[in-house]
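Input: a single structure, listed below in structure tokens.
Throughout, read-outs are computed from the coordinates displayed, never taken from laboratory work. Predicted model, so just to flag it, every value in this text is computed and none were measured. Note: ideal-geometry Cβ built from the backbone for every residue, glycine included; neighbour counts use all protein chains shown.
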Ligand SMILES: C[S@@+](CC[C@H](N)C(=O)[O-])C[C@H]1O[C@@H](n2cnc3c(N)ncnc32)[C@H](O)[C@@H]1O
């Protein structure tokens, strides 16, 4: 498949474990068979995929993307309010950060990624387009570095399946969300054999629900208005009322 080929070209294996000794809970993970598009590290039965290297930036910005993935529909269905603080986690080149910044003129977008080269691309575009409500944040493999209780919604498009410490990152996401804040998890549909994307770059709804529930997020709904991807919405519970 053309898309698989392009994705293979675009992917670089980023070494993991460089931050061993931080707060990660290694017991959450198992080592196993290494697939061609995976790292041999398993979380809740799912093999984690390679990280897409920054040399794949052109693929993220390909002109055919809007039509193939109907990214316009995703953006118009995000339900953002003008004052929202939005995190684009695994922002890449900022394909979603820039249009979302126009939807939150009194709020802001925090564009978060582990690759400084991706954030450099975003900073250059910010300067060229004179955008002031996008802030870039460098993440580590284990921490998204989002300020506590700061965020209304976290968007992750085609990124979560690459996180080498998904449990720790999502715990950081939960800490960063305001009570009642939402996560929009967008992943290629793992149940659909007709979606021409490598296996580990897709996720099933069942698996995603299991992994989000493990960090205390509540599933709200799954929308399937996109041609190839699930849009799965989760929520951080409101703090229990004092009795
Ligand atoms: C396939 S790209 C998708 C980029 C963007 N969301 C888009 O759809 O255009 C995945 C991005 O996730 C980033 N990433 C991988 N692991 C990450 C982590 N633990 N924390 C933050 N970003 C991560 C990668 O560096 C890469 O830029």
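On full extension of the chain, what length is gained from residue 221 through residue 238, given 0.36 nm per residue of separation minus the C-alpha to C-alpha distance? Before the final figure, lay out each step's value.
Working: separation 17, 0.36 × 17 = 6.12 nm, distance 1.73 nm.
4.4 nm is the gain from fully extending residue 221 to residue 238.
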For residue 213 and residue 178 in the same chain, what is the full-extension length gain: residue separation times 0.36 nm, less their Cα-Cα distance, in nm?
-> 10.9 nm
In range of the label at residue 194: residues from the range 54-95 whose backbone nitrogen is under 17 Å from the point 7 Å along Cα→Cβ = 68-70
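Computed from the mean reciprocal separation of all distinct C-alpha pairs, what Kirkwood hydrodynamic radius does the chain have, in Å? Walk me through the intermediate numbers first.
On the way: mean 1/r = 0.0550 Å⁻¹.
Result for the chain stands at 18.2 Å.
If packing is taken as the average count of other Cβ atoms within 10 Å, what order do 67-76, 39-48 fall into, highest mean first? Numbers along the way, then the final one.
Working: 67-76: 14.9, 39-48: 17.2.
Put in order of decreasing packing, that is 39-48, 67-76.
Could you rank the peptides 55-61, 196-202 by their average count of other C-beta atoms within 10 Å per residue, with the highest value first? Could the numbers behind the result be given before it?
Values: 55-61: 15.9, 196-202: 18.7.
By packing density, highest mean first, the sequence is 196-202, 55-61.
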The range 113-210: mean projected area of Cα convex hull, nm² | 7.5 nm²
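Report the extension gain between residue 76 and residue 117 in nm, rounded to one decimal, defined as 0.36 nm multiplied by the number of residues separating them, less their alpha carbon distance.
Values: separation 41, 0.36 × 41 = 14.76 nm, distance 2.83 nm.
That works out to 11.9 nm of additional length.
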Which value at 222 nm does the chain reach when only helices count, each DSSP H run of 4 or more adding -39,500 (n - 2.57), with the total divided by all residues and rounded to the nearest 500 deg cm²/dmol?
-> -7000 deg cm²/dmol
One would report the antiparallel percent of DSSP beta bridges in the range 64-235, rounded to the nearest 5, as 35 percent
